[in-house]
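See structure below.
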Amino acid sequence: MKLKLFLNKIFNTLEKKKIDYCILRNYKSLPEKLDSNDIDILVNKKDLRYIIKTVQRYCDVVLINQRDYLVGLTLNGIENSGNNSLKIDLITKIAWKGLSYLDNETIFDHKIMYKKKFFIPQKYHEPIITFFSSYLVGG
């Protein structure tokens, strides 16, 4: 399945079920193509099981890597720039070493629609997310 079709199906399903989500970064070329290694999506922990089942309807999940603040999915059968796989990180907490530095509900309450396709954080949240993830988490 092509990346664009896959993402449209996933995001449409989440919106129909009123499940909050935001693509945190590297979204400018989406849904047509992915310009980074993965897609980082903020979700609520209570929605993880439903989201994973939704993803499994459209492709094979070949690896699930679970941490306290995220579930990493490696997917097979998604065509993107010559590859047939995709990595998605379902992030459940914007945190560093367990300390939350931006609340999910605050982000979801102010999210904005991008390209009439999917949700992203508000412009004033994005630099906070990017700075802390790059500086603290990424070193």
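Overview of values
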{"quantity": "Cα-based helix-to-principal-axis angle, 3-16 vs the chain, degrees rounded to 10", "calculated": "60 degrees"}
{"quantity": "Whole-Hz ³J(HN,Hα) from phi, Karplus 6.51 cos²θ - 1.76 cosθ + 1.60, for the stretch 81-91, glycine and proline x", "calculated": "6, x, 9, 10, 9, 8, 10, 10, 9, 8, 8"}
{"quantity": "Probe 1.4 Å - accessible area at residue 113, Å² to nearest ten", "calculated": "90 Å²"}
{"quantity": "Folded to 0 to 90 degrees: helix 48-58 orientation relative to the chain principal axis, Cα", "calculated": "20 degrees"}
{"quantity": "Qualifying trypsin sites (Lys or Arg not before Pro) for the stretch 68-139 [loop in DSSP, other Cβ within 10 Å: at most 10]", "calculated": "97, 116, 123"}
{"quantity": "Residues whose placed amide H lies under 5 Å from that of residue 79, excluding near-sequence neighbours", "calculated": "2, 3"}
{"quantity": "Part-to-part distance (alpha-carbon centres) for the stretch 97-139 and the stretch 52-67, which is given in Å", "calculated": "23 Å"}
{"quantity": "Accessible-area composition of the chain, carbon plus sulfur, in percent [1.4 Å probe]", "calculated": "51 percent"}
{"quantity": "Solvent-accessible area per residue, Å², over the chain with all protein chains present [probe radius 1.4 Å]", "calculated": "56 Å²"}
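The values are calculated or read from the model by the stated rules, or taken from the named source; none is laboratory data. On a predicted model such as this, the values are computed, not experimentally measured, just so you know. Glycine gets a Cβ as well: all are built from the backbone with ideal geometry, and neighbour counts include every protein chain shown. For accessibility, only protein heavy atoms count, side chains too; no ligands or nucleic acids. Shrake-Rupley method; radii C 1.70, N 1.55, O 1.52, S 1.80 Å.
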